[in-house]
1. Tell me, rounded to the nearest percent, the portion of alpha carbon pairs in region 179-324 spaced more than 27 Å apart.
2. If you take the charge dipole of the chain about its Cα centre, with +1 on Lys and Arg Cβ and -1 on Asp and Glu Cβ, which of I233, A78, A507 is farthest toward its positive end?
3. Residue separation times 0.36 nm, minus the C-alpha to C-alpha distance between L4 and R389: what's the value?
4. For K118, go through the lysines and keep the ones whose alpha-carbon is under 25 Å away, minus same-chain ones fewer than eight residues off.
5. How large is log10 I(q)/I(0) at q = 0.19 Å⁻¹ when the Debye formula is applied to the Cα atoms of region 1-131, each weighted equally and without solvent?
6. Straight-line reach from K491: which lysines have Cα under 17 Å away, leaving out those fewer than 8 places along the same chain?
7. Quick one: F458, F77, fewest Cβ neighbours within 10 Å first, how do they rank?
8. Counting only Cα atoms, I'd like the Rg/Rh figure for region 106-223, Kirkwood definition for Rh.
Amino acid sequence: MTHLFNDPSAFATDAIRGLALSHPDHVAVVHGGVVRATETPAGQPALVIGGGSGHYPAFAGWVGPGLAHGAPCGNVFASPSASQVHAVARSAENGGGVILGFGNYAGDVLHFGAAAEKLRAEGIDVRIVKVSDDIASNTPENHRDRRGIAGDLPVFKIAGAAIEAGADLADAERIAWAANDATRSFGVAFDGCTLPGADAPLFHVSDGQMGVGLGIHGEPGVRDEPLGSADEIATLLVEGILVEQPTRSEGGYQGRAAVVLNGLGTVKYEELFVVYAKVAELLEAAGITPVRPEVGEFVTSLDMAGLSLSLVFLDEELERHWLAPVDTPAHHRGAMPAVERPRRTSFWEAGADGTPASTDESREVAAEIAGVLDRFEAVCAREEAELGRIDAIAGDGDHGQGMAYGSRGAAEAAHAALADGAGARTVLVRAGEAWSESAGGTSGALWGAALIAAGGVFADDGGRSPRTTVEALDAGIDAVQRLGGARVGDKTMIDAAVPFRAALAEAFTGENTAAAILAAATTAREAADATAGITAALGRARVLGDKSLGAPDPGAISFSILMTELGDHLR
């Protein structure tokens, strides 16, 4: 388990601060993560990579010459918020555009995508590369829809080396995608990891068993098999990946592969070396030459017991960049070219936006909204453990924590805005931004977007009618559907939100908003409970197939709970 922490909610922030203090020549802390301690050369593309904390050396440990220019860092196993990604990218970018790189997970897709839109609106050219190397999470023809696991390292290493060698934004993007398309990973788990402050792992593997097809966010494997010997596990991993070995061709892949044998946190180096001895033997038998193999911890999952194997089927271009020098806190190879790297003297900071003028009437509504958010904070704290328990069955176990962090951040931001004289619209917008940043992950992005969209229905210079609240709820649900892309039947929050909206439209007669919301919340809870009979089609649980059956979707449950609280509060 995770033994050393102060406040569990500050674990990620404390870890990043300690990393920067212990590697001052490599990285510096900025809002949302870290950037290189030296300036990005003018006109050079900035490679900004990131994800949740808990995976060190990924991602902050890979910031430095030859690899990344910056890394936004979310809470443990939760995506960094859009504002964190935006802030790190603005600090890293210096006229050459930005490549945003991350593992293909729903929360990262949402938050990095939102940040990209904001950067583009500011005139910065942005490209997105989603690593998708995990063969257990989708079919070969859907390779780019797979999860990203330890293949993050070679994909980002190759892209960073290409940039160091002079690639422009378009060429660096092309090479990054080529690396991703050539990378395959497969892993097994022996036991789950324990979040800071928790008293039990997110999942257990039965004695004598192993979970095959692990994730890196505390997800169990996609199936259980009897625990094998080191040689048997090596054979399982190698044979699983070589099913997708590409055809050899002149000028393309010719039987040379980058190899990464990765420990997830508890499997130690000597054990990995035992496994690698068999991996090397099997590759030789298959006529494959390992190129600069890496054996160790590269993409971890706190103290998870497990390991994964990654192969990159190299062509000449990919091999050249895989072998190039690199110098980061956690990844070193060769000697970097002796070029001048001026130390940073300043960092980008978001401007302090003034609070728009508001009327007394709007401030009264804003105070009521803050009261609702206070109640949301209280109920999310009360339900944190239960929502986490439900999420751990077929997800990563962080939904309860994310809802607690997000609602707390939203409530604090709402009261801070009130103290500045904000009206209803501004209070909701700032609360939404804070929910997204405080929670991270998919739920953080969706609830943040919902509050911001709801804010668009209110005004800073007017009051509200009973219909305003209904229209705000409708706008929030629209935003969740638009950003998340889920439909009824996918086993997400939408399975409760859409029936809620339909029931609300039927129950609301123009006057008694509270009664209509409570009636609709009952419908939402029934729909949420019914998701126990649905196989997940979106999110991290989708790769586990029927393992998600029998448990309701935690996002749908939390939505129904908060709508009940809203109705009670208004009543």
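FYI, it's all coordinate maths here, none of it is from the lab. What you are looking at is a predicted structure, and each value in this text was computed from that prediction instead of being measured. Positions of Cβ are generated from backbone atoms using ideal geometry, with glycine treated the same way; all protein chains shown enter the neighbour counts.
1. 23 percent
2. Value: A78.
3. 136.3 nm
4. Output for K118: K130.
5. Listed by q, the Debye log ratios stand at -0.98.
6. Result set, ordered by chain and number: K547.
7. Values: F458 25, F77 32.
Neighbour counts put them in this order, fewest first: F458, F77.
8. Values: Rg = 17.3 Å, Rh = 16.3 Å.
My calculation of the ratio gives 1.06.
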